[in-house]
Amino acid sequence: MARNLPPLNALKAFEAAARHESFTDAAAELNVTHAAVSRHIRELEGWLGAKLFVRTGRGVELTERARNFVTDVTRGFDLIAASTEIISSRRRRRRRQQLVVTVEPSFAALWLVPRLGRFTTAHPDIEIVLDSSNRLADFARGDADVGVRYGRGTWNNVASSLLTRTRISPVCSPMLLERLRIVTPAELPPPLLLQEESRRYWLEWLEAAGVSDRIAPEGPTLGLHLTIPAAESGQGFALADDVIAGDALVGGRLVKPFQIRIESYGYYFVHDAARKASRPISALHAWLAHEIGETLDAVARSAARPLDTKRRPKG
């Protein structure tokens, strides 16, 4: 059934004039002339068959019948305004393009999350949903849109682009290094070699250092996102690259006791090989490459500073 409603513009003029108790102020709010407000009020009074205002020396006042009427009219306009705000907010959210990004917990916690606000500021139209997990996401199944993976860049059905090669070497706190006065890899205490779930990195590094036949890691097994904080607190030596350990190296919370490193791995930007890179995907790719470059530059500059700790031989 059709609603029996008065003209909307006349209702708006009436409600504004009732709030202000002034046709002049109502006209200013609605950005119309005083005459237009007067005309709308007369139109509404004619439609209702009732007097709505009486003139006074100070302006206009509502009649008794109009007071009851304006309460419901104002409530109706408030409800329309609130509903409009809700649906317009939803439309704004829909205009933002969501990007589900899969990364390892260590990369997320130690490097990406502290910088993610810069991406959001630069790209407010892209909403990042971070999936921090060690599992390999299946892009074809829709587990994620893009990701950053660590390895050698050989994954099936995945388009991968190298962000940077990595240099893995031991890191520790300056205080631990000063206390132990370690000079050569052969002096590393096995109980202080903090391990990850994948122990191959320590085995590869110890082999590169020529001490794999004499030293085997015996420290606690932690995730990489835990070995770095453990090393910062002086609990032992962690294996890390310049990206993951970058902030701690630049801040002086970690140091590299040796120049020996392994360089077989890298960080790769990955997505479904069957899917063309969208604008948000390309934007994230470019941002990651830039930020990683900035981190590596900062680490290189910090490496040129002299160490505070003194590397004295034992004895």
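The values are calculated or read from the model by the stated rules, or taken from the named source; none is laboratory data. Predicted model, so just to flag it, every value in this text is computed and none were measured. All Cβ positions, even for glycine, are placed from backbone atoms using ideal geometry, and neighbour counts span all protein chains on display.
To keep it simple, each residue is scored yes or no on (1) assigned by TED's automatic domain parsing to the domain that holds HIS285; (2) in contact (Cβ under 8 Å) with a residue 40 or more places away in the chain; (3) under 10 Å from ILE168 (Cα atoms); (4) hydroxyl-bearing (Ser, Thr, Tyr).
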position	(1), (2), (3), (4)
GLN235	no, yes, no, no
ASP242	no, yes, yes, no
ASP247	no, yes, no, no
VAL250	no, yes, no, no
ARG253	no, yes, no, no
ILE260	no, yes, yes, no
HIS271	yes, yes, no, no
ALA274	yes, yes, no, no
Run LEU99 past the list (1) under 30 Å from SER282 (Cα atoms); (2) at pLDDT 85 or above; (3) surrounded by fewer than 18 Cβ atoms within 10 Å (Cβ to Cβ) and report the number of the one that doesn't hold.
(3)
Pick out the one residue from ARG167, ARG181 that is surrounded by fewer than 16 Cβ atoms within 10 Å (Cβ to Cβ) and basic (Lys, Arg).
ARG181
What pairs come up if the first residue lies in segment 294-315 and is assigned by TED's automatic domain parsing to the domain that holds GLY234, the second is at pLDDT below 85, and their beta carbons are under 8 Å apart, counting only those six or more places apart or on different chains?
none
What do you reckon, is HIS271 of a type outside the set (A, V, I, L, M, F, W, C) and in a helix (DSSP H, G or I)?
no
Which one of SER278, SER212 is more than 26 Å from the chain's Cα centre (by Cα) and of a type in the set (Gly, Ala, Ser)?
SER212
